[in-house]
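Take a look at the structure below.
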Amino acid sequence: MSALVASPAASGSGSLDPVRALQHALYRAAKADPGRRFHALHDKVLRRDVVWRAWVQVRRNSGAAGIDRVTLDMVEQYGVSRLVDELIADLKDGRWRPLPARRVFIPKPGTTEQRPLSIPAVRDRIVQAALKIVLEPIFEADFLPCSFGFRPRRAAHDALQVLVDESFRGLRWVVETDIANCFEAIPHEKLMQAVEERVCDQGVLRLLRATLRAGVMVDGSVRRAVTGTPQGGVISPLLANVYLHRVDRAWRGSYGTLVRYADDLVVMCRSRGQAQAALARLTVLLADLGLEPKAAKTRIVCLTEGGEGFDFLGFHHRWVSTRAVHTARRITFLARWPSRKATQHARDRVRDLTARSRLAVPVERVVQDVNLFLRGWAGYFRYGNSARDFDKIMIYADQRMALFVGKRHKRGRRFGQVMLIRSGNRMGLINLNGAVVAPRPNRAWRAPAEHRR
């Protein structure tokens with residue numbers, strides 16, 4: 001979906017595949033007429049190339065089976081082309097009915113809390129993906145720059161860069177909050193009203209309503225609520241953004257700079273009074289939508305040297321000072337590094353990958369698994385002032401591998417440490433030295449070469 005906000009010429013080729021061409025046409029039409037309501041979309045959702053692209057996206061994202069226990073591998077054995085044709089026929093004839101999603105609970109990293117996750121059946125995920133392919137470009141034309149979560153060509157680090165830029169401009173009072181149970185609390189009727197501001201195709205609206213009303217299977221019984229676009233659904237992030245766009249649209253710059261990543265929000269303000277007004281305004285806007293800030297995560301922070309910081313998108317942010325290179329002048333800036341939760345999550349994951357229960361796994365495979373996790377973890381946190389935390393995680397990984405090797409040979413950690421040293425390359429463990437890129441105000445957070453990847 002990264003091509004949504006670019007013209008065909010900007011994509012570097014003279015032509016686009018039919019699905020991308022459709023998305024570009026929808027985006028341009030929506031952008032040209034902000035008041036337009038689209039009435040001819042159902043046939044586009046049912047296009048074979050759209051449904052096939054939806055399958056490709058579902059397959060790429062992997063995922064478990066729904067309540068029907070049909071896995072992605074089983075679909076491939078059955079025949080993807082056959083399934084796509086059957087699904088299109090069911091949609092055309094009005095026979096498609098989504099199954100309730102399978103409800104599971106997954107731990108939140110770094111906490112003892114659990115997050116509810118709803119897993120739709122594979123067939124239903126394909127339909128949701130097809131709807132998303134057609135609807136996303138229409139709503140992308142409306143979404144505002146303050147929204148960053150689950151959007152094409154936008155990343156968490158784009159939101160983080162705004163914090164650096166705004167603090168450099170003097171906005172050092174921060175309102176931090178997130179929305180309590182956002183995905184579970186969005187009222188269906190109000191959500192559909194938000195969708196209908198742009199879409200009046202009854203066929204598409206019926207599919208969306210059916211998806212929202214499918215419910216979840218919990219302990220053998222189906223629960224159908226009148227609120228929520230459950231986490232785990234392919235189209236849920238888009239629908240949440242459509243609904244929360246009403247907050248973005250109603251926001252005024254006089255309350256400070258709003259930065260929203262899905263249901264996680266920060267407002268950068270110039271004074272305590274402005275921050276208090278911003279929090280009050282935010283509370284009113286959310287109440288109008290039937291939502292509320294999570295009390296435990298809502299507060300106002302003043303960024304001062306030696307003062308407290310705040311957590312946002314996995315990073316801890318704090319105002320610090322340092323001596324400028326080659327001068328005696330001290331400079332202050334907004335620094336960020338992995339939050340305690342993020343660091344604890346990394347330690348927990350490394351410990352799990354080197355646990356006693358895996359002693360039968362070859363050392364090379366364990367190292368490969370640890371490296372795979374650390375590459376992903378460091379790939380995100382490298383854009384920050386994270387060198388010290390990277391060193392700690394590397395030391396911890398060394399200690400865990402030394403303990404693992406010692407146990408495999410029925411020896412102690414010291415034996416494992418000797419083996420790591422003798423290997424000459426720490427047995428192949430990833431080296432995180434030099435991986436950090438410190439953020440700078442008013443500069444791109446990554447090099448142009450990285451944007452082209």
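Some points to look at:
- Condition check for Arg281: over 24 Å from the mean Cα position of the chain (by Cα), at pLDDT 95 or above and under 25 Å from Ala185 (Cβ atoms): yes
- Filtering region 47-86 to residues that are basic (Lys, Arg), open to solvent by less than 90 Å² (accessible area, probe 1.4 Å) and either touching a strand residue (DSSP E or B) at 6+ places or on another chain (Cβ under 7 Å) or outside any helix (DSSP H, G or I) (or both) leaves only Arg47.
- Scanning region 418-437 for residues that are open to solvent by 20 Å² or more (accessible area, probe 1.4 Å) and either under 17 Å from Arg356 (Cα atoms) or hydrophobic (A, V, I, L, M, F, W, C) (or both) returns Val418, Met419, Ile421, Met427, Ile430, Ala435, Val436, Val437.
- Looking only at residues of region 291-319 that are closer than 14 Å to Ser386 by Cα and free of Cβ contacts under 8 Å to residues at least 40 places away in the same chain, we find that the one that is least open to solvent (accessible area, probe 1.4 Å) is His316.
- Remark: pairs (first residue in region 213-242, farther than 16 Å from Pro98 by Cβ; second residue open to solvent by 40 Å² or more (accessible area, probe 1.4 Å) and assigned to a helix (DSSP H, G or I); Cβ separation under 6 Å; 6+ apart in sequence or on different chains) = Leu238/Lys132.
- Comparison of Ala121, Ala89, Ala129 shows that the only residue that is at pLDDT 95 or above and either open to solvent by 20 Å² or more (accessible area, probe 1.4 Å) or on the phi > 0 side of the Ramachandran plot (or both) is Ala89.
For (1) touching a residue at least 12 places away in the same chain (Cβ under 8 Å); (2) open to solvent by less than 30 Å² (accessible area, probe 1.4 Å); (3) closer than 30 Å to Leu99 by Cα, each residue gets a yes or a no:
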residue	(1), (2), (3)
Ile186	yes, yes, yes
Glu189	yes, no, yes
Val247	yes, yes, no
Arg272	yes, no, no
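- For Pro107, the stated conditions do not hold, so it cannot be described as touching a residue at least 40 places away in the same chain (Cβ under 8 Å) and either surrounded by fewer than 19 Cβ atoms within 10 Å (Cβ to Cβ) or out of contact with any His (no Cβ under 7 Å at 6 or more places or on another chain) (or both).
- Flag if Tyr380 is part of a helix (DSSP H, G or I), aromatic (Phe, Trp, Tyr), touching a residue at least 60 places away in the same chain (Cβ under 8 Å) and on the phi < 0 side of the Ramachandran plot: yes
- Test: residue in region 247-256 that is modelled with pLDDT under 95, farther than 20 Å from Val164 by Cβ, among the small types (Gly, Ala, Ser) and out of contact with any strand residue (DSSP E or B) (no Cβ under 6 Å at 6 or more places or on another chain): yes
- Qualifying residue in region 409-417 (condition: open to solvent by 20 Å² or more (accessible area, probe 1.4 Å) and either touching a strand residue (DSSP E or B) at 6+ places or on another chain (Cβ under 8 Å) or touching a residue at least 40 places away in the same chain (Cβ under 8 Å) (or both)): no
- Options Ala346, Ala335: the member that is open to solvent by less than 40 Å² (accessible area, probe 1.4 Å), touching a Phe, Trp or Tyr at 6+ places or on another chain (Cβ under 9 Å) and not in a strand (DSSP E or B): Ala346
The values are calculated or read from the model by the stated rules, or taken from the named source; none is laboratory data. Every value quoted in this text rests on a predicted model; they were computed, and no experiment measured them. Cβ coordinates were reconstructed from backbone atoms using ideal geometry, including for glycine residues, and neighbour counts include every protein chain displayed. Quick note on the areas: whole protein, heavy atoms, side chains included, nothing else; ligands and nucleic acids left out. Shrake-Rupley method; radii C 1.70, N 1.55, O 1.52, S 1.80 Å.
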